[in-house]
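Undergrad: Got a structure here, written out as structure tokens. Questions coming.
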Amino acid sequence: MKDQYVGDINDYRKYALLRALSAGGANRLGVCWMLTESDGGNHGGRLGYLEQPERYRHFDPQLFDALAHVAAEPEQRSVRVIEASGVLPGALFHSDLLPQSPDERARYMAECRERFAAADIVFFDPDNGIEVPSTRVGLKSALRYVFLEEIAAVYADGKAVLIYQHFPIRQHRAPFITARIAQLRAIPPDASVWAFTTAHVVFLLLVHPDSPERLALAAADACSRWHHSFVRGEQIDAASGND
């Protein structure tokens, strides 16, 4: 996550999903921003949806209005403003910059787990998504990814885990999602898995067997809450990889 992304269309969909899974704060969120420094690029510029309220506002009117207010002032585009806005009721946050050093990153993740001890669901928000073979902890490129062992550690604490995963260019999406889910199932074969697909991103949810029943109910509700052009949700069958 970078501050420059705050308020764009991916952010709108992301917070709408988090709000749905939270169920008004009944399921407590722990948001690990995995914040990285802004790069000066034009990523995060997808703000045109805010000029089309008749098309987008009805998905989550309160959230839409809050993001329109944030995006109106460039200096307000930061995760700290989102935290203070109340759009994620009752959420806990880990807002420090993600460090590159392996030892510092390990401490960062340990702090994350400690901070989210009371959370029902932990959200990892890396720039790109789940680790790829070409990177490892300690490389600068690792700042864009969450590692499977980091997901596994939080899941082992009895938490549900939600992961932001950007779609790569020039890859077919269905097999890409299937491959990512296979990676995750290798960690917790007992989890129920949900995929929430959008135009540019898929959010992958692992629900722990010890998670409160209300969390699975919120995930099921999120699958039918919106038109598929906004967020398409489905529970993934363990045997077939499909809903």
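Undergrad: When you go through Ala91, Ala84, Ala110, Ala119 one by one, which is the residue that is open to solvent by 40 Å² or more (accessible area, probe 1.4 Å) and modelled with pLDDT of 95 or more?
TA: Exactly one of Ala91, Ala84, Ala110, Ala119 is open to solvent by 40 Å² or more (accessible area, probe 1.4 Å) and modelled with pLDDT of 95 or more, namely Ala110.
Undergrad: Still on this structure, I have one more. If you go through the range 122-136 one residue at a time, do you hit one that is farther than 29 Å from Tyr49 by Cβ, more than 18 Å from the chain's Cα centre (by Cα), in contact (Cβ under 8 Å) with a residue 12 or more places away in the chain and surrounded by fewer than 21 Cβ atoms within 10 Å (Cβ to Cβ)?
TA: No, the range 122-136 contains no residue that is farther than 29 Å from Tyr49 by Cβ, more than 18 Å from the chain's Cα centre (by Cα), in contact (Cβ under 8 Å) with a residue 12 or more places away in the chain and surrounded by fewer than 21 Cβ atoms within 10 Å (Cβ to Cβ).
Undergrad: Determine, yes or no, whether Ala119 is outside any loop (DSSP other than H, G, I, E, B), out of contact with any helix residue (DSSP H, G or I) (no Cβ under 6 Å at 6 or more places or on another chain) and small (Gly, Ala, Ser).
TA: It is false that Ala119 is outside any loop (DSSP other than H, G, I, E, B), out of contact with any helix residue (DSSP H, G or I) (no Cβ under 6 Å at 6 or more places or on another chain) and small (Gly, Ala, Ser).
Undergrad: Which condition from (1) of a type outside the set (Val, Ile, Thr); (2) closer than 30 Å to Glu213 by Cα; (3) modelled with pLDDT of 95 or more; (4) not in a loop (DSSP other than H, G, I, E, B) is the one that Ala26 breaks?
TA: (4)
Undergrad: Oh, and also: Give me the pairs, please: first residue somewhere in the range 158-171 and under 20 Å from Pro189 (Cβ atoms), second residue anywhere and open to solvent by 50 Å² or more (accessible area, probe 1.4 Å) and outside any strand (DSSP E or B), beta-carbon distance under 6 Å, and either six or more positions apart or on two chains.
TA: Gly158/Asp210
Undergrad: Could you run through the range 222-236 and say how many residues are over 20 Å from Asn10 (Cα atoms) and open to solvent by 20 Å² or more (accessible area, probe 1.4 Å)?
TA: Looking only at that region, the number is 1.
Undergrad: For the range 182-203, what are the residues that are open to solvent by less than 10 Å² (accessible area, probe 1.4 Å) and closer than 15 Å to Glu150 by Cα?
TA: Scanning the range 182-203 gives Leu184, Pro188.
The values are calculated or read from the model by the stated rules, or taken from the named source; none is laboratory data. Fair warning: this is a prediction, and the values are worked out from it, not measured in the lab. No Cβ is skipped: glycine too gets one built from the backbone with ideal geometry, and neighbour counts run over all protein chains shown. Side chains included, ligands, DNA and RNA excluded: accessible areas come from the protein's heavy atoms. Shrake-Rupley method; radii C 1.70, N 1.55, O 1.52, S 1.80 Å.
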